[in-house]
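Here is the structure we will look at, set down as structure tokens.
The values are calculated or read from the model by the stated rules, or taken from the named source; none is laboratory data. All figures in this text were calculated on a predicted structure; none of them were measured in a lab. Backbone-built Cβ (ideal geometry, glycine too); neighbour counts: all protein chains shown. Quick note on the areas: whole protein, heavy atoms, side chains included, nothing else; ligands and nucleic acids left out. Shrake-Rupley method; radii C 1.70, N 1.55, O 1.52, S 1.80 Å.
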Amino acid sequence: MTMANYVAFNAQRVIEYVNSLIDSKQCDFFIAGQNLSAYEFGDGNLNLVFRVSDEQNNSIILKQALPYARCVGESWPLTLDRARIEAQVLLNHGAICPKYTAKVLHYNHDYALTILEDLGSLQILRSAQNNAQQFPKLAQHVATYLSHTGFYNSDFYLAAQHKKALVKQFTNPELCQITEDLFFSDPYIDHERNNFPAQLAPQVKALRDNPVLKLEIAKLKANFLSNPQTLLHGDMHSGSIFVDTNTTKMIDPEFGFFGPIGFDIGSFIGNLLLNYCAQTGHIEEFVTRRNYQTHLLSCIVETYNLFEQHWLNLINTKTVDEALNNDAYAQYFIKNVLQDAIGYCGAELIRRTIGLAHVVDIDSISDENTRLDVQKQTLALGEQLIINACSCDTKDAFFSLLISQLN
Ligand SMILES: Nc1ncnc2c1ncn2[C@@H]1O[C@H](COP(=O)(O)OP(=O)(O)O)[C@@H](O)[C@H]1O
Ligand SMILES: CSC[C@H]1O[C@H](OP(=O)(O)O)[C@H](O)[C@@H]1O
């Protein structure tokens, strides 16, 4: 999608733009007559992120899509429509779960930009977890966010025609293709986008030669391609979550679309497991490391349990479609969602280890041999989760599988 007036902003243009909003009274986040300052500090793969502050240090975030992927450059063109998707997912999810969704203050289609509340007083979950910080409310918050945004955008709640209109509104083919390629295709073929050390070649070859794994990956990809169950966040990794002790806020849903419910919770749990495995390279002292890993495992179990509980409760009390309001169907439905989640979790572990986009949790391990051991562990864990997802009929089966794979 091209936008005739689009221009990529720098700090000066950002200030001019925000001043123009103030002058035309389209902005209630700054008062008139102040000197504004701005700087760019984005560290994500795709977009520009500016912080704009006034003289009293009130601040907002202005995020602008570039017509290409920031991490690769102009050789990877990318639709500006992702800014619309991101703003509209935030508005949709924010209407359902305002407590857990970053607030949109302004959106401009022509410039592919969104102004957001500044969450800079919180921390990005990934950075905090790499410092072994614990967040006792995280599981409860993430489970509530995912189950409520999931349910209220699903066939259980929405009239069929309304749901289909939303599926159309949130059609996001270019960003979905990135996920389709990076999660389900690239890691299992020889592709130039992959990124792993030569020492991992035997493990990678074994994955690619495993027909059982390849079959399960094909099922996960087909389900991702053609199962519009709900409006997903679409990129629920630890870099998309701001936290402090009492607060959790989701940002960055530009990969949002109507897809399989298990994808978001699977990605989230996958990132907790990546951090679990990476701690071998960060916390030397055994008991301290175990304590932190136990906290991560509890967070996974609590998220999974609460997600299931909330979904069953919402289906039971708020379902509008009478034909879907059936206890046996609810049980069947949630079992399938949770099995999907285990598979997507495994796919996240594998793609973050050998694909294009890694996680700093692992890449920052300074000792090469330790890093390699961690990478072998995340590959093996990912493979086992994907292969065994379909036999995890109960939550306990999943928890036992996890514990048997983690040392
Ligand atoms: N609302 C916000 N408040 C404060 N910082 C933010 C906000 N949104 C993004 N950021 C900062 O910008 C970084 C990149 O943002 P993100 O939305 O992940 O960009 P990308 O789409 O490029 O991945 C985040 O890691 C965070 O540091
Ligand atoms: C070239 S996109 C790679 C990767 O980056 C996205 O995450 P983010 O924009 O938050 O850094 C997403 O996970 C994509 O798979």
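Okay, here's what the table says:
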{"read-out": "Scan of the range 151-191 for residues that are under 26 Å from Asn45 (Cβ atoms), away from ligand 2 (no atom under 11 Å from the Cβ) and of a type in the set (Phe, Trp, Tyr), ordered by number", "value": "Phe170, Phe184, Tyr188"}
{"read-out": "Output for the range 35-65, where each listed residue is more than 16 Å from ligand 2 (Cβ to nearest atom), open to solvent by 30 Å² or more (accessible area, probe 1.4 Å) and either assigned to a strand (DSSP E or B) or more than 16 Å from Leu105 (Cα to Cα) (or both)", "value": "Asn35, Ser37, Tyr39, Arg51, Glu55, Gln56, Asn57, Ser59"}
{"read-out": "Number of the exception - Val360 against (1) buried (at least 19 other Cβ atoms within 10 Å of the Cβ); (2) of a type outside the set (Lys, Arg); (3) within 16 Å of ligand 1 (Cβ to nearest atom)", "value": "(1)"}
{"read-out": "Any hit, the range 171-194, residues being out of contact with any Asp or Glu (no Cβ under 6 Å at 6 or more places or on another chain), surrounded by fewer than 15 Cβ atoms within 10 Å (Cβ to Cβ), in a loop (DSSP other than H, G, I, E, B) and in contact (Cβ under 8 Å) with a residue 12 or more places away in the chain", "value": "yes"}
{"read-out": "Qualifying positions in the range 80-99 - away from ligand 2 (no atom under 13 Å from the Cβ) and crowded, with 16+ Cβ neighbours inside 10 Å", "value": "Leu80, Asp81, Arg84, Ala87, Gln88, Val89, Leu90, Asn92, His93, Gly94, Ile96, Cys97"}
{"read-out": "Residue match in the range 59-71 (condition: closer than 30 Å to Leu297 by Cα and not small (Gly, Ala, Ser))", "value": "no"}
{"read-out": "Criterion (within 16 Å of Glu174 (Cα to Cα) and at pLDDT 95 or above) met by exactly one of Ala128, Ala143, Ala112", "value": "Ala112"}
{"read-out": "Residue ID - surrounded by the fewest Cβ atoms within 10 Å (Cβ to Cβ), chosen from residues in the range 261-283 that are closer than 10 Å to Ile362 by Cβ and of a type in the set (Gly, Ala, Ser)", "value": "Gly281"}
{"read-out": "Pairs with Cβ under 6 Å, 6+ apart, first in the range 63-81 and over 13 Å from Val7 (Cα atoms), second surrounded by fewer than 17 Cβ atoms within 10 Å (Cβ to Cβ) and among the acidic types (Asp, Glu)", "value": "Thr79/Glu174"}
{"read-out": "Qualifying residue in the range 322-337 (condition: surrounded by 23 or more Cβ atoms within 10 Å (Cβ to Cβ) and in contact (Cβ under 8 Å) with a residue 60 or more places away in the chain)", "value": "no"}
